[in-house]
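The values are calculated or read from the model by the stated rules, or taken from the named source; none is laboratory data. Note that the coordinates shown come from a computational prediction; the quantities given were computed from them, not determined experimentally. Cβ placement follows ideal geometry from the backbone for every residue including glycine, while neighbour counts extend to all protein chains displayed. Side chains included, ligands, DNA and RNA excluded: accessible areas come from the protein's heavy atoms. Shrake-Rupley method; radii C 1.70, N 1.55, O 1.52, S 1.80 Å.
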Amino acid sequence: MKSSVTAESSIQDKLVFDDPASLQALCGQNSKRLKLVERAAGVELHLRGNEITVVGEAAAVELAREALTQLYGFAKRGAELSSDDLVRAVRVLRTDRNTDLREIFSDTILVPRSGRPVTPKGLAQKTYCDAVRQNDIVFAIGPAGTGKTYLAMAMAVRALVDKQVKRIVLTRPAVEAGERLGFLPGSLEEKVNPYLRPLYDALHDMLDFDRARRFVDQGVIEVAPLAFMRGRTLNDSFVILDEAQNASSEQMKMFLTRLGFGAKAVVTGDITQSDLPSGVRSGLREARDLLSDIDGIAFTHFGEGDVVRHPLVQDIIRAYEARAARKRQDSAQSPDGRDGA
């Protein structure tokens, strides 16, 4: 592949590709994938024959060029590229232009029943996966849509399939139920299932329904509210605590002290989204402050730029964070230290 650059008010960079089939795989039908790269990198892309001309500001053109070059290399090696791959490639390279995308894209955690491999979708997710491999307790803190729970589930299933652990335990606080559980109709399982549904959904993405049901029936995979962990010792288990911002300080301590020999725990949550009653300190926030210097415990932090859902989700998160920042500023400026609004 050759490249030439001409300097004008905006930069033009012409990329010449020598393999038509690989170029077609990169561009997609009717060049739809190139439009995704245009939007993600902030450039204009013009395809003509075996050439792509990139037009835009110098930094954006450089970003698009590096993304297209590396993605073309994937296509030429026979790798299947999705539209999502192109967008996340641009995002990763925007964070670090020197990143070798192969280190991220080739890290296959699991090939679930859908057949689409589960891999890290960015630098933060890659760091997270490596932390889980290298540590017995990992905290993943950040907004929804950053893949915290999904990746933890994939790594848990992989550990079970590879016989690194004997069972998986999935848990989350049923905060909204509180003391009202006893007043809800149905069995205890029926009462708490709505709070555990997201864990079941992720599990069924990883395993076919019959196999997942068999594992649950045999106790190989357990899905339970956090309160059920009290008094237990979890040996040879991969334990995931989801929505941990809704665990109280006492619950977090109880959970972390359940771990036995051969156990690994992943704790996920968003400290900005606690549903705990006013005045109750989040156990996730406290754990972050108390445990960050202990060997064998790792913390991975995600930001709005790591969101892998619909692009609008990033804008929504950014808007809420901006409002929160304004409230903090108003509070700091008010004479009595209260919210100035």
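Before moving on, here are some points about what is shown:
- Any chance residue 245 is modelled with pLDDT of 90 or more, outside any strand (DSSP E or B), open to solvent by less than 30 Å² (accessible area, probe 1.4 Å) and over 24 Å from residue 116 (Cα atoms): yes
- Pairing residues of the range 45-70 that are free of Cβ contacts under 8 Å to residues at least 40 places away in the same chain with residues that are in a strand (DSSP E or B) and basic (Lys, Arg), at Cβ distances under 6 Å and at least 6 apart in sequence or on separate chains, gives 51/14.
- Enumeration of residues in the range 45-59 that are within 19 Å of residue 91 (Cβ to Cβ) and assigned to a strand (DSSP E or B): 45, 54, 56
- Per-region count, the range 85-116, residues open to solvent by 10 Å² or more (accessible area, probe 1.4 Å) and either of a type in the set (Gly, Ala, Ser) or outside any loop (DSSP other than H, G, I, E, B) (or both): 12
- Cβ-Cβ contacts under 7 Å between residues 6 or more apart (or on different chains), taken from a first residue in the range 288-301 that is within 21 Å of residue 143 (Cα to Cα) and of a type in the set (Phe, Trp, Tyr) to a second residue that is modelled with pLDDT of 95 or more and in a strand (DSSP E or B), are listed as 299/139; 299/141.
- Count of the range 272-302 residues which are within 16 Å of the chain's Cα centre (by Cα) and open to solvent by 30 Å² or more (accessible area, probe 1.4 Å): 2
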